[in-house]
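Student: Once you've had a glance at the structure underneath, I'll fire off some questions.
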Amino acid sequence: SDSTWRPKKKGKDVQEEVVEAPPEPTTVLPEVTSNTFILAPSRHHTLVGYTGPHYGGDQVIVFGHNSFGQLGLDKPTNGVTVVPTCLEMLLGKKINIIAAGSCHTLFATETGVYGCGSNTHGQLGLPVCDNVRAPVLIPAFCAETVLDLAAGPAHSIVCCAMPVLGDVGTGPRPARILTFGMGTDGALGHGDKEHKQEPTEVNFFRGKHILKVAASQACSVVMEASCVYIFGAGGFGGVCIPLFSPYGLYTPTAVPGLPDKELIDVIAGGHHTMVWCSDGLYGFGCSTDGALGTIGNAATDGTLMTHATPLTFFNDKTIKSVAAGRQHTLVLCEDGLYTFGLGSYGQLGLGRDCVQTSEPMLVPFFQQPIFSESPMLKVQCGCYTSFVLTTRAIYVFGDCRYGKLGHHQKYDAWEPVPIVALDRLFAPVLVEPEPAQSATPPP
């Protein structure tokens, strides 16, 4: 018999209850912010970290050269991955930071720091010199709170929080810096040029309030709230301060010329360094090919800026993000994306007619009306590549070798193109309606 409860009729005029159809599922566009994606391009490979509602949530997508296992796919090291591929081993882990060296990669997660790729000089902080083809947990950081990390071609730098008593508040925490890998020209900051396989503390920084670390060619950079320190190659890799040493800075040295203003970010390019301050943008290092913009024209010997110098072009602009490649620079402002430096692979996004400029140039592609609805959020650079995150896609341009642009093409991208394989991460999300409350039969 039918056991479904129904209200009893009390008269002929009683109308039967009308049951409405359940609401249909709807789709909404996921909110994308600058924190949704981590962009980590390097010389031969690229990694993209993602935190969002799609495809299992937290994940890392990799593509490019895997010569030393730096993609972490546990495949033969002579392979090239041209199709953006999910790194299964880290699927579901919350990724806070990714640092890509030439042939090694570091991942800071909520459960520790993982590394893969080349460990020839100890740049993974592991006690073996073999290549590591899948991410492994680095024991030295298992009990540490990692605040930031960076990777040079063959060395690494990690900033860890020091234990404090009581409430730490929201400001910078006292920290310590550990470096490991190739120590050429003093890049590890220990006063010598010895390689270190074990992460070793740079005593100079103990207890300082560190905001950011960065690394480039045989060079390391550490930023406090009002000071930037450098150590490593002199006259190369972005340090370029012969005033202190023509060969290398073996201990941390403060960069001269910076204003007494709040520092927002420091960006290490291949041969130059940019410092983003509350009052504008500063640069120092090698100005070859215009990587420092117009300030390179005033370099003392035609190529080197030996102290931080303001790029006055950006004084009246609202800066949102800055990135630097081997010899080019990207500055994202409220009114558009500016690029300058070397563009021989298309990394300036200005087309084939502009392969070098010291004058910051607006990229016409991003002046289209569509980008008022899907604005640019941040920029990042590899050696000869450029990446732009918008609220609806990731765009790339520059050197396509080894598939590190992820755009399925065998030619360089002279103008921005989207990484179509990642469009799925920007797709609408299906939202199920809340279940209707069921009627409760009377007692």
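Student: Nothing charged except the Cβ atoms of Lys and Arg (+1) and of Asp and Glu (-1): what's the magnitude of the dipole of the chain about its Cα centre? Round to the nearest 20 debye.
Tutor: Dipole size: approximately 580 debye.
Student: OK, next. Give me the one-decimal nm value for the distance between modelled label points at E432 and S372, 7 Å along each residue's Cα-to-Cβ direction.
Tutor: Simple spin-label model gives 4.0 nm for this pair.
Student: Whole-Hz ³J(HN,Hα) for each residue in region 30-47, computed from phi via Karplus 6.51 cos²θ - 1.76 cosθ + 1.60 with θ = phi - 60°, x for glycine and proline: what do you get?
Tutor: x, 6, 10, 10, 5, 8, 5, 10, 10, 9, 9, x, 10, 5, 10, 8, 9, 10
Student: Kindly flag which residue pairs out of K212/K261; K261/K317; K75/K404; K212/K378; K261/K320; K75/K212 have an alpha-carbon separation exceeding 22 Å in this structure.
Tutor: Listed pairs above 22 Å: K75/K212.
Student: Sort 405-417, 269-281 for me by packing, meaning the mean count of neighbouring Cβ atoms within 10 Å per residue, highest on top.
Tutor: Taking the mean over residues of other Cβ atoms within 10 Å, the ranking is 269-281, 405-417.
Student: Can you find, among T390, N119, F313, the residue farthest towards the positive end of the dipole of the chain? Put +1 on the C-beta of Lys and Arg, -1 on that of Asp and Glu.
Tutor: Going by the Cα projections, it comes out as N119.
Student: Rounded, prolate or oblate for region 64-190? Axes are the square roots of the Cα gyration tensor eigenvalues, ordered a ≥ b ≥ c, and the cut-off for rounded is a/c under 1.5.
Tutor: Oblate.
Student: Another one. Okay, helix-only estimate at 222 nm for the chain: each DSSP H run of n ≥ 4 adds -39500 (n - 2.57), divide by all residues, round to 500 deg cm²/dmol; what do you get?
Tutor: Estimated from H runs of four or more residues: 0 deg cm²/dmol.
Student: Continuing with this model, one more query. Taking the alpha-carbon centroid of each part, what is the distance from region 130-206 to region 347-420 in angstrom?
Tutor: Centre-to-centre (Cα) distance: 32 Å.
Student: Determine the relative contact order of the chain: mean sequence separation of Cα pairs under 8 Å and six or more apart, normalised by residue count, in whole percent.
Tutor: It rounds to 12 percent for the chain.
Student: Using per-residue counts of other Cβ atoms within 10 Å, averaged over each peptide, order 130-143, 113-126 from highest down.
Tutor: Final packing ranking: 113-126, 130-143.
Values in this text are rule-based calculations from the coordinates and carry no lab data. Predicted model only: the values in this text are computed from it and were never measured. For neighbour counting, all protein chains shown are included, and Cβ atoms are generated from backbone atoms with ideal geometry for every residue, glycine included.
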